[in-house]
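Encoded as structure tokens, the structure appears first; notes follow it.
Taken together, the values in this text are just the output of simple stated rules run on the coordinates, not laboratory data. This structure is a prediction, so every number in the text was calculated from the model and none was measured. Neighbour counts are summed over all protein chains in view; Cβ atoms, including those assigned to glycine, are modelled from backbone coordinates with ideal geometry.
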Amino acid sequence: MNNSDISLSNENKSKSTFKFILSELKPKGKFFTTFNIISIPVILLGIVLIVIRFINGIGAVTNLTQEVPWGLWIGFDVVTGVAFAGGAYVLTFMVYILNMQKYHSIVRVTVLNGFLAYVFYAGALLLDLGRPWNVVNPIIGNSFGTSSVLFLVAWHFLLYMIAQLIEFSPAIAEWLGAKRARKILSGMTIAAVIFGITLSTLHQSGLGALYLMAKDKIHPLWYSEFIPILFFVSSIFAGLSMVIFEGSISHKVFFKQISEKNHWAQKGIILGLAKICAGAMFAYFFLQLLVFIHGKRWDLLDTPMGYWFLMEMLGFVLLPMLLFVFGYKKNSIFTVKFAAILTMLGIILNRLNVTVIGFRWDAAVSYVPSWMEIVVTFTVIFTEIWIFRWVINRMPVLKDSPEWVKEEK
Amino acid sequence: MGINRRDFLKTAGVAGITLLALDSFGIEKSKNSDVEFYGILYDSTRCAGCQTCETLCAEKNGLPAPVGELKAGNIRKTDENHRTVLNCYKTSKGELFIKTQCMHCNEPACAAACLTQAMCKTKEGPVTWNGDKCMGCRYCMVSCPFDVPKFEYHSANPKIQKCTMCYEKIIKGGIPVCAENCPAEAIKFGTRRELIAEARKRIAEGKDTYIDEIYGEHTAGGTGFMYLSSVPFNELGLNTKLQNESYPELSKGFLFSVPSVFVLLPPLLLGIYEATKKNKNIKNEENE
Ligand code: SF4
Ligand code: SF4
């Protein structure tokens with residue numbers, strides 16, 4: 001489907017737009033792919049579990065306890081998912097603010113990814129709310145808990161989603177062939193980007209700040225008053241590693257859509273990102289070290305939790321950082337991708353250590369997520385990928401914008 | 001060019017982090033000491049372990065009767081069906097009882113955590129929960145240092161359960177059922193100021209009986225529910241490792257830095273944007 005074919009005359013525009021969207025709703029391409037065969041049953045099962053959760057309460061599907069009220073759905077879906085979605089604000093910062101044009105070709109796909117991640121992972125929060133019908137209370141009405149970090153995070157999620165939608169909207173306009181709208185929307189990009197980066201800085205760190213009051217509940221190796229800063233700095237390389245990882249997958253899956261020129265640029269982009277990741281990770285490692293020394297935590301190291309901490313820091317921060325440097329120096333895309341995967345595992349480990357594993361690590365009955373929580377988590381991830389694929393196949397995200405966009409410039 | 005960018009990155013990063021750091025120093029301490037909060041003084045030397053408070057609390061709040069045997073070695077916990085429980089501990093002075101329930105903190109972590117103001121410190125002192133506002137996020141449970149709020153996991157319309165110090169009775173001039181009916185007079189209701197004076201008096205008059213400390217006078221920034229005991233409080237299962245500053249203080253630094261980030265970061269970004277745009281134009285001209 002070539003978007004430049006679509007030229008809509010004004011009078012029947014709305015009608016044909018509607019028809020056009022209807023026709024676009026149909027699936028494209030082969031149906032029986034490995035991904036579909038795995039994801040469809042999981043999603044169906046997940047939907048059943050979600051229904052059960054709303055009929056019988058959260059306890060029917062989760063293993064949450066009175067001591068550990070936030071489990072996998074918050075610790076992984078929300079806290080980790082949002083860290084991975086951090087690529088969007090870092091890239092928009094690089095491309096729009098620092099004007100690093102080299103990365104322009106991947107900015108749209110990253111913003112799309114970020115936007116969907118927020119919609120779905122922050123959306124997973126709704127599943128975890130016991131009284132979701134009151135979810136609008138902090139947004140409208142007179143129930144503003146302004147002293148709450150969660151209040152701040154909730155607002156930022158909402159505003160950031162809008163900012164990201166604006167950043168992405170030119171692609172939607174190009175898909176629909178809406179020329180005037182595109183012009184207006186792309187004029188709003190810079191404002192949305194600046195607003196979006198500010199919001200991201202605050203809520204990436206805010207997710208860490210959520211746990212500040214849980215001082216006595218989190219293992220001291222993972223608790224410090226600097227959690228917000230650590231969360232913020234690590235979201236930079238978490239997001240970029242995700243961009244590298246996701247980029248190399250879409251590069252294969254959506255090969256046909258990417259123009260010759262951008263194929264060639266890919267390598268340079270990956271190496272460039274590797275360099276930035278390494279820098280951010282160095283800063284992060286250094287900060288962790290400072291926190292560790294400042295907190296005089298030597299005696300905690302020689303415990304099982306201490307070894308676990310060392311593994312996270314050395315195996316999943318220091319090692320991938322060195323690999324990034326090595327990959328960059330040696331021009332090895334493979335090393336960089338491997339480092340990106342290690343980094344991502346490290347982020348999962350770190351976020352879970354703060355939110356689940358190290359949270360009430362000393363409790364008599366420790367929390368282990370139920371298989372149902374895991375299935376629902378996968379349901380969320382798979383549904384997001386479905387939507388992602390749907391959009392990529394239709395809108396000019398990876399492929400170049402239609403001709404009329406260039407003509408207009 | 002490359003160096004420029006890196007410099008920008010650095011400046012931006014440093015500026016951001018210093019801002020956060022600077023702000024966390026400027027925390028003003030808000031003290032509630034001039035407000036007359038109601039509270040409860042529990043004297044573990046008087047408690048006989050009759051469980052009257054447990055039974056009446058359950059009755060009054062329409063909850064199931066107490067479960068589990070009250071004996072040393074069998075630690076019972078408050079849960080979504082039991083807002084208060086007694087426990088028995090073998091201590092250095094023999095078997096002693098202790099009551100647990102919400103501490104009604106002066107500056108409650110739960111209320112600071114709540115994003116809908118469903119958890120709220122009333123001006124009378126009790127910390128209450130409002131079901132019309134609560135969205136069931138359970139952040140109050142994450143934040144409460146005493147692990148007090150409990151959640152009805154097995155309900156489609158779950159509530160947060162915790163002691164409310166019988167708020168409805170207090171505003172009508174009554175007193176909480178536990179304090180009203182304790183046959184041993186171990187539970188005393190009053191304003192916090194009166195209770196602390198009373199506690200001091202008991203300690204002074206019974207130097208051999210009491211340890212010279214009131215649990216809750218300073219713990220977690222001061223609590224409405226306070227304890228007297230004849231043995232160190234950790235022997236009675238109370239957490240003595242909690243900090244004396246209030247818990248909301250822990251996230252204040254972060255919250256206070258938010259407005260400054262909002263004021264300073266966007267202009268900074270805009271400035272960098274303009275600068276790099278100019279650079280690009282110059283480069284383009286050179287190329288032509
Ligand atoms: S003990 Fe917990 S629930 Fe009770 S007022 Fe204090 S913070 Fe809130
Ligand atoms: S569960 Fe309810 S009372 Fe507790 S923090 Fe969330 S909204 Fe507030």
Candidates A:ALA163, A:ALA171, A:ALA265, ranked by Gaussian network fluctuation over chain A, Cα under 10 Å, top entry: A:ALA265
Residue-count net charge about A:SER250 - beta-carbon cut-off 12 Å; Lys, Arg +1, Asp, Glu -1: +4
Choice from A:MET94, A:MET321, A:MET344 with maximal GNM fluctuation in chain A (Cα, 10 Å cutoff): A:MET94
Mean Kyte hydropathy of -1.0 or more with a Cα span along the axis of at least 15 Å, helices from DSSP in chain A: A:13-25, A:34-56, A:104-117, A:149-176, A:189-209, A:227-253, A:260-294, A:319-330, A:333-352, A:371-392
32 Å Cα-Cα threshold exceeded, pairs from A:LYS183/B:LYS133; A:LYS256/A:LYS329; B:LYS123/B:LYS252; A:LYS183/A:LYS329: A:LYS183/B:LYS133; A:LYS183/A:LYS329
For segment B:48-63, Karplus couplings with θ = phi - 60° (6.51, -1.76, 1.60), whole Hz, Gly/Pro x: 9, x, 7, 6, 4, 4, 4, 5, 5, 4, 4, 4, 5, 9, x, 10
Value of [θ]222 nm, deg cm²/dmol, for the protein assembly as shown, DSSP H segments ≥ 4, -39500 (n - 2.57) each, nearest 500: -17000 deg cm²/dmol
Shielding by partners, peptide B:145-154 (average Cβ within 10 angstrom, other chains): 5
Per-residue average of Cβ from other chains inside 10 Å of B:252-262: 5
Among A:TRP298, A:MET161, A:LEU112 - extreme Cα towards positive end, dipole of chain A, charges at beta-carbon: A:LEU112
Most fluctuating residue given options A:ILE293, A:ILE166, A:ILE218, as computed from a GNM of chain A linking Cα atoms under 10 Å: A:ILE293
Segment A:258-320-segment A:114-128 distance, computed between alpha-carbon centres (Å): 26 Å
